[in-house]
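Asker: Pasting a structure below so you can have a look.
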Amino acid sequence: MVYGIPHTQYEFASRTVSSCRRFHWIPSLQRPPHGPRTNVETYEGKHSANMASEVQKRTFGSAATHIQRNPAYSELNSDDVSYFKSILGDNGVVQDEDRIAVANVDWMGKYRGASQLLLLPKNTTEVSKILSYCNTRRLAVVPQGGNTGLVGGSVPVYDEVIVSLAGMDKIISFDNVNGILTSEAGCVLENLSTFVENEGFIMPLDLGAKGSCQIGGNISTNAGGLRFIRYGSLHGNVLGLEVVLADGTILDMLTTLRKDNTGYDLKHLFIGSEGSLGVVTKISVLTPAKLPATNVAFLSCNDYTSCQKLLLAARRNLGEILSAFEFMDHHCIDLAMRHLEGVQNPLPASQYKFYVLIETTGSDESYDKTKLEAFLLRSMEDGLVSDGVIAQDISQASNFWRIREGISEASVKVGAVYKYDLSIPVEKLYDIVEEMRCRLGDNAEVLGYGHLGDGNLHLNILSSKYDDSTLAQIEPFVYEWTSSQRGSISAEHGLGLMKAEKIHYSKSPEAVQLMASIKKLLDPNSILNPYKVLPQSVL
């Protein structure tokens, strides 16, 4: 029995390999809105003042990156505040210290600015007027969505004016024939997910932070997430954007066409630019049809080679119904069990080195069942899987996902956490975790987990406090190692402030110089999200 659920007719009880005794099947697991992860709002980015207060804080701003405030930027004065009140009203201009303090710090408490002004525009015209004025006055600006980032990209470094898109949260239209959603940028991802699911569709993007993050921020960072293996990146799903440039120009690219080869596809410049080229105000995105049959399995493997082979087998045998393939080492599971309330270890009997969460989503319950059964049997026979459980109900499926999505939340509760988001060839992906353990010894705990199907590793290094000597052991080694594998130092979190000066590890000098030229063309006064994304030396 698993969680008191009796063995079903699909149980693999006849298997001679006793370690495979735990597999179960639930023929039709109907996911609640947003899947089993309902009400789980933590991820690599849940805004939480309480959680941040548990971290032994260190300001990872100018002191850490040796960036000086650009003296070319003006300082805010009373005339500026009066102008903003004239276009936004008193309620749209926030000077209250407590409210601004929340917007000045990231959710992990690592990056902290000193802005004195938070602006709350309600429409694109107001955003345009704000940027036009700030460009003329040369006031630096930080666009801010849900503030769920991990690299310091959504908070000020110094005294930049914060422009929050939270008030722009309207759904504009939905094409329920083609599944095309058009909305304002401040819409919370979970709200959009609820809306489209009621129409029989799903968002192509799913994040643990969906209860806090906003779609404009998702697009500006090209967020990856849990559905990437099935639906790909936002570059492939975003059909159109409305963007306000630094001088206030409103760039209308809000098409809903699937095909449009008229000239350069400019929207791609802004997807992943982290607010450094323009402020996204509206979006149109293609949403896939919602499929009725979903199943979640939690499996164990004895070594990383088995995880790789299991991924290949899943691609070959589950094919079109494979919707997630996540992996975690046993350090992650131990951490989750210690620090996440209400979770249960699906495989408590033995300690395994690696764990894999597989989700399938399809339209034919019987067909999907047959494919998954055959896949699991073959994986056991081949020795790829040591033990495993298939969720019997929504509660168990939610528990499986809670473990995976709660790793980041649990890591913050330890004290200090150094987070790295890397793309590495799958066969080499776990090597960096083992090498980092050798480097740090008993000084820190090293965790490796992530989206194995996408070659995306989340490397977390836990310590009781932030320490320069620990950081010196980690950096630049982690970037040099990733570069040596021709990997990316930023798979899905962006560069922000944390990695702006490290971009050369992943991009050639020629590519970085071209990026700088584009930045100078679209934002000649560099007022948009300064000190982020690109090195100061090339601007």
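Asker: Suppose we keep only residues that are touching a residue at least 60 places away in the same chain (Cβ under 8 Å) and open to solvent by 40 Å² or more (accessible area, probe 1.4 Å) within the stretch 259-302. Which one would you say is farthest from residue 176 (Cα to Cα)?
Answerer: Ranking the qualifying residues of the stretch 259-302, first place goes to 302.
Asker: What are the residues in the stretch 276-302 that are over 28 Å from residue 245 (Cβ atoms) and in contact with a Cys (Cβ under 9 Å, 6 or more places away or on another chain), if any?
Answerer: Residue satisfying the conditions is 301 alone.
Asker: Restricting the search to the stretch 195-206, which residues are open to solvent by 10 Å² or more (accessible area, probe 1.4 Å) and farther than 18 Å from residue 363 by Cα?
Answerer: Matches in the stretch 195-206: 195 only.
Asker: Which residues, counting only those in the stretch 517-533, are under 25 Å from the mean Cα position of the chain (by Cα) and hydrophobic (A, V, I, L, M, F, W, C)?
Answerer: 528, 533
Asker: Could you go through the stretch 136-159 and let me know if any residue there is outside the structural domain of residue 258 (by TED's automatic domain parsing), on the phi < 0 side of the Ramachandran plot and in a helix (DSSP H, G or I).
Answerer: The answer is yes, given that some residue of the stretch 136-159 is outside the structural domain of residue 258 (by TED's automatic domain parsing), on the phi < 0 side of the Ramachandran plot and in a helix (DSSP H, G or I).
Asker: For the stretch 355-384, how many residues are within 22 Å of residue 446 (Cβ to Cβ) and open to solvent by 10 Å² or more (accessible area, probe 1.4 Å)?
Answerer: Number satisfying all stated conditions: 0.
Asker: Also: Could you tell me which numbered condition residue 256 fails, if it satisfies all but one of (1) in a strand (DSSP E or B); (2) assigned by TED's automatic domain parsing to the domain that holds residue 184; (3) of a type in the set (Val, Ile, Thr)?
Answerer: Failed condition: (1).
Asker: Something else: What are the pairs with Cβ atoms under 6 angstrom where one residue, in the stretch 109-122, is without any contact (Cβ under 8 Å) to a residue 60 or more places away in the chain and more than 9 Å from residue 156 (Cβ to Cβ) and the other, located anywhere, is of a type in the set (Gly, Ala, Ser) and assigned to a loop (DSSP other than H, G, I, E, B)? Sequence gap at least six, or different chains.
Answerer: 120/167; 122/167
Asker: Please find, within the stretch 237-253, the residue that is nearest to residue 274 (Cα to Cα) out of those that are open to solvent by 10 Å² or more (accessible area, probe 1.4 Å) and in a strand (DSSP E or B).
Answerer: 242
Asker: Taking the criterion of being in contact with a helix residue (DSSP H, G or I) (Cβ under 7 Å, 6 or more places away or on another chain), of a type outside the set (S, T, N, Q) and not in a strand (DSSP E or B), would at least one residue in the stretch 458-466 satisfy it?
Answerer: There is no residue in the stretch 458-466 that is in contact with a helix residue (DSSP H, G or I) (Cβ under 7 Å, 6 or more places away or on another chain), of a type outside the set (S, T, N, Q) and not in a strand (DSSP E or B).
Asker: Does residue 186 satisfy the criteria of being of a type outside the set (Phe, Trp, Tyr), open to solvent by less than 30 Å² (accessible area, probe 1.4 Å), at negative phi and under 16 Å from the mean Cα position of the chain (by Cα)?
Answerer: no
Asker: Within the stretch 259-275, can you find the residues that are under 24 Å from the mean Cα position of the chain (by Cα) and assigned to a loop (DSSP other than H, G, I, E, B)?
Answerer: Answer for the stretch 259-275, where residues must be under 24 Å from the mean Cα position of the chain (by Cα) and assigned to a loop (DSSP other than H, G, I, E, B): 266, 271, 272, 273, 274, 275.
Asker: Could I ask something else about it? What number goes with the only condition from (1) in contact with a helix residue (DSSP H, G or I) (Cβ under 7 Å, 6 or more places away or on another chain); (2) more than 30 Å from residue 149 (Cα to Cα); (3) part of a helix (DSSP H, G or I) that residue 352 does not pass?
Answerer: So residue 352 meets the others, but not (3).
Asker: Does the stretch 410-419 contain any residue that is assigned to a helix (DSSP H, G or I), charged (D, E, K, R), touching a helix residue (DSSP H, G or I) at 6+ places or on another chain (Cβ under 9 Å) and closer than 18 Å to residue 110 by Cα?
Answerer: Yes: the stretch 410-419 contains one or more residues that are assigned to a helix (DSSP H, G or I), charged (D, E, K, R), touching a helix residue (DSSP H, G or I) at 6+ places or on another chain (Cβ under 9 Å) and closer than 18 Å to residue 110 by Cα.
Asker: Condition first: in contact with a Gly (Cβ under 7 Å, 6 or more places away or on another chain), closer than 29 Å to residue 432 by Cα and among the aromatic types (Phe, Trp, Tyr). Can you find one or more residues in the stretch 288-301 that meet it?
Answerer: Looking through the stretch 288-301, at least one residue is in contact with a Gly (Cβ under 7 Å, 6 or more places away or on another chain), closer than 29 Å to residue 432 by Cα and among the aromatic types (Phe, Trp, Tyr).
Asker: While we're looking at this one, here's another question. If you scan the stretch 224-236, which residues turn out to be open to solvent by less than 20 Å² (accessible area, probe 1.4 Å) and at positive phi?
Answerer: Result: 225, single match.
Asker: Report whether or not residue 192 is in contact (Cβ under 8 Å) with a residue 60 or more places away in the chain and open to solvent by less than 10 Å² (accessible area, probe 1.4 Å).
Answerer: In short, no.
Asker: Tally time: how many residues in the stretch 78-101 are open to solvent by 70 Å² or more (accessible area, probe 1.4 Å) and under 22 Å from residue 185 (Cβ atoms)?
Answerer: Going through the stretch 78-101 one residue at a time, the tally reaches 2.
Asker: Looking at (1) open to solvent by less than 10 Å² (accessible area, probe 1.4 Å); (2) closer than 14 Å to residue 526 by Cα, which is the only condition residue 152 fails?
Answerer: (2)
Asker: Please find, within the stretch 169-183, the residue that is nearest to the chain's Cα centre (by Cα) out of those that are closer than 16 Å to residue 256 by Cβ and open to solvent by 60 Å² or more (accessible area, probe 1.4 Å).
Answerer: This residue is 171.
Asker: Checking the conditions here, which among 373, 341 is of a type outside the set (A, V, I, L, M, F, W, C) and free of Cβ contacts under 8 Å to residues at least 12 places away in the same chain?
Answerer: 341
Asker: Moving on. For residues in the stretch 214-223 being hydrophobic (A, V, I, L, M, F, W, C) and at pLDDT 95 or above, which is surrounded by the most Cβ atoms within 10 Å (Cβ to Cβ)?
Answerer: Taking the candidates together, the pick is 215.
The values are calculated or read from the model by the stated rules, or taken from the named source; none is laboratory data. Small disclaimer: the values here were computed from a predicted structure and weren't measured. In this analysis, Cβ positions are derived from the backbone assuming ideal geometry, glycine residues included, and neighbour counts consider all displayed protein chains. The accessibility values were calculated without ligands, DNA or RNA, using every heavy atom of the protein model including side chains. Shrake-Rupley method; radii C 1.70, N 1.55, O 1.52, S 1.80 Å.
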